[in-house]
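Enquirer: Please read through the structure below; I'll follow up with questions.
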Amino acid sequence: MTANDIRNICLLGHGGSGKTTLAEQMLFMTKGTDRLGRTADGNTVCDYDAEEIKRQISISLAFAPVKYKDVRINVMDAPGNFDFSGEAVSAIRAAECAVLVGAAKDGLSVGMERSWKLLGKKPRMIFVNRTDEDNSDYQACLDALKGKFGQSVVPIVAPVIDGNKKVTGIVDLLHNTAYEVKGGKAAACAIPADMADEVEALRAELMEAAAGSDEELMEKFFDTMELSAEDMARGLKLGVRDGSVCPVLCGSAVTGLGVEMLMQTIVDLVPVATDMPAETAQDDDGNDVEVACDPNGPTAAIVFKTISDQYGKYSMVKVLRGRITSDMALYNPATGNTEKLGRLYIMKGKKGEEVKEICCGDIGAIGKMDKVKTGNTLCDPKRIVRLHGMDYAQPCYSRAISPKTKQEVEKLGTGLNKLNEEDPTFHVVNNAETHQTVISGAGDIQIDVLCAKLKSRFGVDAELSAPRVAYRLRQPVVALGVGPEAPAPDLPPEAVEQAQDMHVLVRVDARDDRFAFHFRSPRSAACSAPGSPRHCTDGSAAIQLACPIVRAHAPIRSWQDSGTRMPGRDRSDLRTAEEASAGQWVIVPAFSIRVALRRGNRAPLPRPAVPASPENNYQCRWTACGFREIRGMVEGSGLNVVDGPVSWRRHRRRPTEGARK
């Protein structure tokens with residue numbers, strides 16, 4: 001088999017539009033399966049996973065090779081649910097053409113619009129499904145497609161509608177032949193007399209679209225105003241390849257109406273891999289190189305999908321150049337290792353048919369490639385290239401995940417790693433600050449499916465909860481006093497640490513019966529219990545914190561608990577003030593509070609631990625048990641709190657006498 005005998009397509013569209021049923025009908029009509037499965041019965045070839053059967057939706061990318069007139073059509077059934085859009089991105093990477101499936105009664109769906117955008121410049125065609133159902137309107141759907149996507153949308157069929165507005169057959173405008181379904185098979189019939197004028201008008205429109213893709217055909221069309229079926233097919237194939245033509249077909253995946261014509265159109269119009277333009281890749285030195293689809297060139301293949309289950313792991317590859325045989329040694333630029341290939345398969349649903357080689361332009365699976373991941377390139381060691389992978393969307397929905405029992409923690413991590421090999425669109429992060437494992441995906445359905453797979457495949461009962469947030473405050477401190485203020489030193493990037501101290505600043509203008517004082521609470525100092533504050537060895541006041549503690553980096557050890565315990569309750573993990581304050585750069589969270597004296601009230605403030613003086617910028621050091629006590633102290637002394645923004649302040653602690661020695 002050569003590249004000319006292979007067509008790679010992917011089925012895209014909104015969820016529930018009938019993509020899986022269409023793939024099932026194509027297999028059934030070509031004897032690829034002995035029975036026609038139904039999604040409601042859970043017996044289709046493409047939806048074989050337990051979650052897909054339970055939910056009656058497609059979750060992962062499935063493969064259905066269809067043999068039609070000595071041509072193998074590699075059909076890739078992509079999920080239509082937005083939570084699994086990463087599977088559609090993988091399918092687009094491996095296909096030469098996409099078939100957008102939509103329902104006649106739904107018109108232009110959101111999923112079809114999104115799929116159209118994902119395709120970029122990739123060739124495409126449209127199949128309007130369910131034209132035989134009640135309330136279906138093919139013409140309205142076609143008008144909506146033309147209004148949205150422009151004049152490139154060209155119908156190549158015309159539905160035969162009876163008096164009850166039900167589609168009973170279709171007219172092939174390319175070959176000027178009508179078909180109807182009898183006994184589950186398409187049978188040729190005469191074109192209805194009342195449709196003769198409509199068919200001629202549609203054929204003229206189709207000829208014009210075919211002639212517009214080639215200058216030679218354009219001249220011939222202007223001379224004779226007629227094109228043969230062969231000329232129209234050649235012009236449409238060129239138009240599909242360059243994106244100027246998007247053929248539209250219609251039918252019913254359930255009854256088989258229009259399905260055989262769809263397969264014939266795929267064989268006639270879909271470009272083969274060797275007709276596609278060369279891809280831009282990178283060589284071993286990082287320089288851009290062109291990789292054209294050449295059967296005789298050095299091997300180059302892209303891993304676009306990984307299938308992992310309890311029985312093994314399959315790496316789905318698209319061969320872009322050369323060929324792949326079993327026991328071949330290929331180089332992986334991502335890991336720098338040479339991988340020896342195992343057995344090769346052609347996948348059909350969950351079953352694999354073993355083959356000896358995968359030719360250029362074909363899609364197949366390699367078994368037991370443990371070190372190969374989705375997006376990696378496998379190439380000839382003598383001609384190293386790095387192909388472009390898949391650009392998945394960033395996760396936008398996060399949940400904290402944890403096992404119900406502590407004995408399943410290790411199994412949870414193993415299961416998530418295995419599932420991430422199969423679905424790289426979700427991310428797993430172990431948050432050291434909140435002590436949670438956070439899983440992020442495209443939506444709640446994807447997260448629920450992952451939890452269900454953890455239970456069925458790995459026996460882990462997982463619980464979901466809202467992730468905790470480690471708050472970060474990054475606004476600079478605004479000096480509200482008028483006394484001299486020492487500028488904060490510039491910190492080098494490598495010296496920036498997490499929060500270790502908390503400063504509470506209350507500044508008052510000393511010239512107008514106001515003054516400035518400074519509450520300070522060093523994290524590194526041994527703090528006393530609430531109500532009995534004392535001074536630290538470096539001369540500052542020890543203040544009991546009432547805010548969550550954030551883990552700090554070395555060299556100052558961090559608290560071992562989650563931050564709910566208040567400092568002073570357990571000081572086993574604290575160093576001495578001399579060790580902790582020896583010239584370490586820290587970032588200080590600060591409460592900056594602006595206050596004003598009440599008129600007629602001159603009640604004295606509590607005696608400061610360090611009185612204000614010009615030497616310390618009129619900053620008095622006080623002891624307190626937290627922000628609430630500070631606020632109460634200020635208000636009880638006759639001061640009004642005007643505002644209280646919370647911000648970060650950079651601060652360098654001075655070394656103590658012991659540290660300097």
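Enquirer: Simple spin-label model, 7 Å along Cα-to-Cβ: residue 255 to residue 284 in nm?
Expert: The modelled label-to-label distance comes out at 6.1 nm.
Enquirer: Ok, one more. What percentages make up the Cα-Cα pair-distance distribution of the range 89-214 when the bins are 10 Å wide from 0?
Expert: 11, 38, 36, 14, 1
Enquirer: Need the full-extension length gain, residue 110 to residue 335, defined as separation in residues times 0.36 nm minus the C-alpha distance. One decimal, nm.
Expert: Value of the extension gain: 77.1 nm.
Enquirer: Classify the range 214-362 as rounded, prolate or oblate from the Cα gyration tensor: take a ≥ b ≥ c as the square roots of its eigenvalues, call it rounded if a/c is under 1.5, otherwise prolate when a/b beats b/c and oblate if not.
Expert: It is oblate, given that a/c is not under 1.5 and a/b is not larger than b/c.
Enquirer: Can you send over the carbon and sulfur percentage of the accessible area for the range 142-257, probe radius 1.4 Å, protein chains only?
Expert: 51 percent
Enquirer: Please report the accessible area of residue 132 (heavy atoms, 1.4 Å probe, ligands and nucleic acids excluded) in Å², nearest 10.
Expert: 40 Å²
Enquirer: Sticking with this one: Per residue of the range 419-429, in order, report the coupling 6.51 cos²θ - 1.76 cosθ + 1.60 (Karplus, θ = phi - 60°) as ³J(HN,Hα) in whole Hz, putting x for Gly and Pro.
Expert: After applying 6.51 cos²θ - 1.76 cosθ + 1.60, I find 5, 6, 5, 7, 10, x, 7, 9, 10, 10, 10 Hz.
Enquirer: How would you rank 198-208, 99-109, highest first, on the average number of other Cβ atoms within 10 Å across their residues?
Expert: 99-109, 198-208
Enquirer: Further question: Given H placed on each backbone N at 1.01 Å, which residues far from residue 43 in sequence or on other chains put an amide H within less than 5 Å of it?
Expert: Amide H neighbours of residue 43: 38.
Enquirer: How much accessible surface does residue 388 have with a 1.4 Å probe, in Å² rounded to 10?
Expert: Rounded to the nearest 10, the figure is 100 Å².
Enquirer: Ranking request for peptides 119-125, 222-228: highest mean number of other beta-carbon atoms within 10 Å first, then the rest in descending order.
Expert: In descending order of packing, they fall as 119-125, 222-228.
Enquirer: Take the range 158-271, compute every pairwise Cα distance, and split them into 5 Å bins from 0; I just need the percent in each bin.
Expert: With a bin width of 5 Å, the distribution comes to 2, 12, 21, 21, 19, 13, 8, 3, 1.
Enquirer: Can you flag which of 351/371; 121/237; 54/453 are past 19 Å Cα-Cα?
Expert: From 351/371; 121/237; 54/453, over 19 Å: 351/371.
Enquirer: Between residue 189 and residues 5 or more places away or on another chain, which pairs have amide H atoms under 5 Å apart, with H built 1.01 Å from N, and which residues are they?
Expert: 178, 179, 180
Enquirer: How far apart, in nm, are the 7 Å Cα→Cβ label points at residue 468 and residue 414?
Expert: With each label placed 7 Å out from Cα toward Cβ, I get 2.8 nm.
Enquirer: Roughly how many debye, to the nearest 20, is the charge dipole of the range 296-388 about its Cα centre, given +1 on each Lys and Arg Cβ, -1 on each Asp and Glu Cβ, and no other charges?
Expert: The calculation lands at about 160 debye.
Enquirer: For the range 1-103, what is the charge dipole size about the Cα centre, in debye to the nearest 20, if Lys and Arg each add +1 at the Cβ and Asp and Glu each add -1 at the Cβ?
Expert: 280 debye
Enquirer: Ok, one more. Would you please give the residues with an amide H less than 5 Å from that of residue 339, counting only those at least 5 places away or on a separate chain, with H modeled from the backbone geometry?
Expert: Residues meeting the criterion, in which the H sits 1.01 Å from N, are 330, 331, 332.
Enquirer: Right, next: Compare 408, 260, 216 by solvent-accessible area with a 1.4 Å probe and give them largest first, with all protein chains kept in place.
Expert: 216, 260, 408
Enquirer: I would also like to ask the following. Once the piece of chain linking residue 135 and residue 350 is laid out straight, how much longer is it, given 0.36 nm per residue of separation minus the C-alpha distance between them?
Expert: Taking residue 135 through residue 350 to full extension adds about 73.8 nm, to one decimal.
Enquirer: For the range 290-378, what D do you get in µm² per second when you plug the Kirkwood radius from alpha-carbon pairs into Stokes-Einstein at 37 °C and 0.692 mPa s?
Expert: Translational diffusion coefficient: 254 µm²/s.
Enquirer: With label points built 7 Å along Cα→Cβ from the Cα atoms of residue 38 and residue 205, find their separation and express it in nm.
Expert: Output for this residue pair reads 3.6 nm.
Enquirer: Which order do 382, 453 take when ranked by solvent-accessible area (1.4 Å probe, heavy atoms of all protein chains), largest first?
Expert: 382, 453
Enquirer: At 1.4 Å probe size, what's the solvent-accessible area of residue 215? Round to the nearest 10 Å².
Expert: 150 Å²
Enquirer: Provide the FRET efficiency to the nearest 0.05 for the residue 431-residue 455 pair, computing r from the beta carbons and using R0 = 22 Å.
Expert: With R0 = 22 Å, the Cβ-Cβ based efficiency is 0.40.
Enquirer: Tally Lys and Arg at +1 and Asp and Glu at -1 over the other residues with C-beta under 11 Å from the C-beta of residue 43: what net charge comes out?
Expert: That sum, taken over residues with Cβ under 11 Å, equals -1.
Enquirer: How would you rank 243-249, 360-366, highest first, on the average number of other Cβ atoms within 10 Å across their residues?
Expert: 360-366, 243-249
Enquirer: Classify the range 158-202 as rounded, prolate or oblate, taking a ≥ b ≥ c as the square roots of the eigenvalues of its Cα gyration tensor: rounded when a/c is under 1.5, otherwise prolate if a/b is larger than b/c and oblate if not.
Expert: Judged from the Cα gyration tensor, the range 158-202 comes out oblate (a/c at least 1.5, b/c at or above a/b).
The values are calculated or read from the model by the stated rules, or taken from the named source; none is laboratory data. Here the structure is a predicted model, which means the values were calculated and not measured. A quick note on method: Cβ atoms are made from the backbone with ideal geometry, for glycine too, and the neighbour counts reach across all protein chains shown. Note: accessible area is taken over every heavy atom of the protein model, side chains too, but ligands, DNA and RNA are not part of it. Shrake-Rupley method; radii C 1.70, N 1.55, O 1.52, S 1.80 Å.
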